[in-house]
Structure formats: structure tokens, C-alpha cells
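The values are calculated or read from the model by the stated rules, or taken from the named source; none is laboratory data. Treat the numbers as computed from the prediction; the structure is a model and nothing was measured. Note that each Cβ is placed from the backbone with ideal geometry, even for glycine, and that neighbours are counted across all protein chains shown.
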Amino acid sequence: MQLRRLTSLLLASAFAAAPAHAQLRRTADNFNAWFTYYGELETAGRWGAIYDVSIRRSGPVREMYAAFARGGITYEITPAVKIAVGVSRSETWPYGEMPIAYRTPERRLWEQLQLTHSVGRVGLSHRYRVEQRWQGKKELPDDAVSDWVRVNRFRYQIRATVPLEGATLDDGEWYVSGANELLIAFGSNVQYNIFDQNRAAISFGYRVGKSLRLEAGYLEQLSLKSDGRRLEDNHTLTFSLFTSFSFKDKQA
């Protein structure tokens, strides 16, 4: 598979720059499920908001492994170009074959640029996001956070959507969507895992109406642990709900 070859090359490049003791030693497979709600709000002007909430479980539903909440303010430069800034917070639990030591909180600031265009029937979007992440550290499971470690990450996602009935996606119609996102870590606290993750996904969706879409699909998440020695291959079922509300046509 081309995607797997590309990911292998990226991993090889990352490991080549790391010290010999940080070479990959172990790979683990997990079976997970993500349940996500995405929302978008457009005002009568150029400003808007985006937000999402995600519950992630492993087993695929036997145990909790993460909970995310994210929100941001958007500004529309043109209909095809949007920028955004926002915040997010998350909690991650020990799970799978390579569990973390304790339940861990994380706080983020993020900035992004999103471009959209079409090639024939295919709708394409490109999302560039930079994150400043503060990860909480604990000494014991029930302890309060003793330190917040700052790391940074760059993310690039390309997503393609193809209607399955006709040239455009209309209400009451099905579509298929494919995406790939590469996540690269950087900063003084990143030593062994410059390559952080790669997420390749495919899903089938149904547009209920202009403001509501439903999707279900599969995501393969390759995730390198911070020590640069352990790689998770997370096979993930995804279930998503999208809402979009616009007040652009209600200008006074």
C-alpha cells in the first residue's frame, strides 16, 4: 500500500536522526473506537466558531482511553480560505498493550489555516495546524499534576469527499470521504519522536440536510511513543456527527 510505504519512509527518516539507543524496539496493535461530534457556526459577517467533542475507547469499547474538547474562533478571508485560533483540553487514560503510567491531562493552544477547492466531483480540503501543548506530569496516580511539560506539534491533513449520487452532494445523499493527516513534533522537549503520528481514514457519510451529516468509517493511527522506541498501530472504528449552522443569509 502506498500510504504504508510513505509512512515507513517517514519513520525511517525520523529514526535516522535519533541516537542509536532510541531505535524502534516494539510495535503493538490496538482496536479502538472514536465517537466524535463536530460543530460549525457561521455568523452574518466573516467570523464564526468551530468546536468538537470526542470520546475514545479501546477494546474497542471495553475501556476509556481519551476524552477531548476543543473550540476556536474562525475568520473567513475568502470562501475558500479560513484561519482559526482556539484552545483544547483532554484527558488520557492507560489503555492497550503500551499503557501510560497514569491518567494524564493536557491543555493546548492552536492556530490553523484551512483551504478548500474542488477538482471535478471531488471536494478537497487542506488543513495546516500548529499546536502548543502542555502535558501534565504526576508522581502517583492520585497525585495532583506536579509539572506541565511544553511540546509543540505541526499537523497537515488532506481530505477528499466524493458524492455517490450525481455531481454534487445534496440533501438525502450518500458520499465517501478519505483523509490522511501527518503530525510532526518539534521543540526543546522533543528528543526521540519527531514523527508523532500518521492518521489514514476512510468513511461513508450521509447528508441528512444542509446542517447535518453522519459518518462511519475506519482510521489507522500510527503513533510513536515519546521515547522513540515503541510504536502503536491503532485500528479504529470512527462514528461522527457534523452540524453546521449559518446566519449569512439573515443579514439585516
Quiz item: Regarding residue 72, is this residue touching a residue at least 60 places away in the same chain (Cβ under 8 Å) and not polar (S, T, N, Q)?
Solution: no
Self-check item: Filtered residues of the stretch 207-235 (kept if buried (at least 16 other Cβ atoms within 10 Å of the Cβ), modelled with pLDDT of 95 or more and either of a type outside the set (A, V, I, L, M, F, W, C) or out of contact with any strand residue (DSSP E or B) (no Cβ under 7 Å at 6 or more places or on another chain) (or both))
Solution: 207, 213, 215, 217, 220, 221, 234
Exercise. Take residue 180 and decide whether it is in a loop (DSSP other than H, G, I, E, B), among the polar types (S, T, N, Q), buried (at least 17 other Cβ atoms within 10 Å of the Cβ) and under 18 Å from the mean Cα position of the chain (by Cα).
Key: no
Quiz item: Quick check: is even one residue across the stretch 184-194 modelled with pLDDT under 95 and at positive phi?
Solution: yes
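Residue by residue, here is whether (1) small (Gly, Ala, Ser); (2) out of contact with any strand residue (DSSP E or B) (no Cβ under 9 Å at 6 or more places or on another chain); (3) closer than 22 Å to residue 223 by Cα; (4) loosely packed, with under 14 Cβ neighbours inside 10 Å holds:
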residue	(1), (2), (3), (4)
38	no, no, no, no
46	no, no, no, yes
51	no, no, no, no
59	yes, no, yes, no
65	no, no, yes, no
79	no, no, no, yes
82	no, no, no, no
Exercise. Find the residue count for the stretch 108-162, including only residues that are of a type in the set (S, T, N, Q), without any contact (Cβ under 8 Å) to a residue 24 or more places away in the chain and farther than 21 Å from residue 88 by Cα.
Key: 1
Practice problem: Can you work out which of the residues in the stretch 44-94 that are closer than 21 Å to residue 242 by Cβ and among the polar types (S, T, N, Q) is farthest from the chain's Cα centre (by Cα)? | Solution: 74
Quiz item: Would you say residue 218 is assigned to a strand (DSSP E or B) and without any contact (Cβ under 8 Å) to a residue 24 or more places away in the chain?
Solution: yes
Quiz item: In the stretch 116-124, is there at least one residue being more than 30 Å from residue 75 (Cα to Cα), hydroxyl-bearing (Ser, Thr, Tyr) and not in a loop (DSSP other than H, G, I, E, B)?
Solution: no
Exercise. Could you identify the single residue in 107, 127, 103, 121 that is surrounded by 18 or more Cβ atoms within 10 Å (Cβ to Cβ) and out of contact with any helix residue (DSSP H, G or I) (no Cβ under 9 Å at 6 or more places or on another chain)?
Key: 127
Quiz item: Looking at residue 28, is it within 18 Å of residue 99 (Cα to Cα), touching a residue at least 12 places away in the same chain (Cβ under 8 Å) and surrounded by fewer than 16 Cβ atoms within 10 Å (Cβ to Cβ)?
Solution: yes
